[in-house]
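First the structure, in the form of structure tokens, and then the observations on it.
Every read-out reported here was derived from the displayed coordinates using simple, explicitly stated rules and does not represent laboratory data. Keep in mind it's a predicted model, so treat the numbers as computed, not measured. All Cβ positions, even for glycine, are placed from backbone atoms using ideal geometry, and neighbour counts span all protein chains on display.
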Amino acid sequence: MEDELKNWLQARVSGGRYMHSLGVMEAATELARLHGVEADPLRQAALLHDCAREFSNEDLVATAEVWQLPVREVDRRSPVLLHGKLAVVIGERELGLSEPAVLSAVRWHTAGHPDMTLSDKLFYLADVTEPTRHHAWVAGLRELAREDVDQAVLMAIGINTDHLDRTGRTVDPDTYDLRDLLLGKLRN
Ligand SMILES: [Fe+2]
Ligand SMILES: [Fe+2]
């Protein structure tokens with residue numbers, strides 16, 4: 001299954017994106033083992049999550065409409081927000097994937113969501129801390145992801161929203177909902 005998925009992905013995305021996906025696979029496997037969740041679904045999710053990341057803005061919106069996925073105002077302003085949700089449908093239709101742990105990790109990997117499971121959060125963190133990422137903050141986040149998942153997700157959200165703000169892009173409201181949920185949880 002894994003080799004098949006690798007070949008499938010390699011035929012669809014750029015070399016850099018493919019290497020990123022393998023990096024996510026590695027990072028997710030490590031985090032899953034550390035935190036006692038099943039690694040296999042996250043390994044599959046890694047090979048699926050960015051398969052629609054190189055679609056044009058027009059294709060992202062048009063495909064979501066054809067497949068009757070909800071397209072929010074924020075998705076129209078920032079169509080890249082749709083790439084995880086499209087990847088879920090591609091996984092179901094083209095690859096026959098149906099395992100909830102695979103699909104929900106893929107669905108929420110872009111912006112996060114308050115419904116995320118521990119496994120989804122680990123995947124979210126693997127996406128931003130995988131070995132080909134070299135931003136100054138990565139080492140600190142990698143360390144925190146090993147120790148405290150919710151704190152690490154909050155840190156990742158902070159970095160992500162700062163970056164979007166600085167570059168004048170829209171933050172998905174789901175990201176703020178997740179942040180508020182985690183802050184509330186930490187206060188109690
Ligand atoms: Fe992505
Ligand atoms: Fe990614």
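Pull up the cross-link candidates among the aspartates and glutamates for K6, meaning alpha carbon to alpha carbon under 13 Å and not fewer than 8 places away within one chain.
Cross-link targets: D50.
Give the aspartates and glutamates reachable from K185 as a straight Cα distance under 19 Å; neighbours fewer than 8 places away on the same chain don't count.
D115, D120, E147, D148, D150, D174, D177
Sorted from fewest to most neighbouring beta carbons within 10 Å, what does the list T161, T170, T129 look like?
With the fewest neighbours first, T161, T170, T129 line up as T170, T161, T129.
Mind checking which lysines have their C-alpha under 17 Å from K85, skipping anything on the same chain fewer than 8 residues away?
K121
For D180, D40, D3, D50, what's the fewest-to-most ordering of other Cβ within 10 Å of each Cβ?
The most exposed by this proxy come first: D3, D180, D40, D50.
In nm, give the distance between the simple-model label positions of L69 and H163, each being 7 Å from the Cα along the Cα-to-Cβ direction.
My value for the distance between the label points is 2.0 nm.
So how much slack lies between N188 and V80, counting 0.36 nm per residue of separation and subtracting their Cα-Cα distance, in nm?
Additional length available on full extension: 35.4 nm.
Starting from the 7 Å offset along Cα-to-Cβ, what nm value, one decimal, do you get for the label separation of Q10 and H35?
Distance between label points: 3.0 nm.
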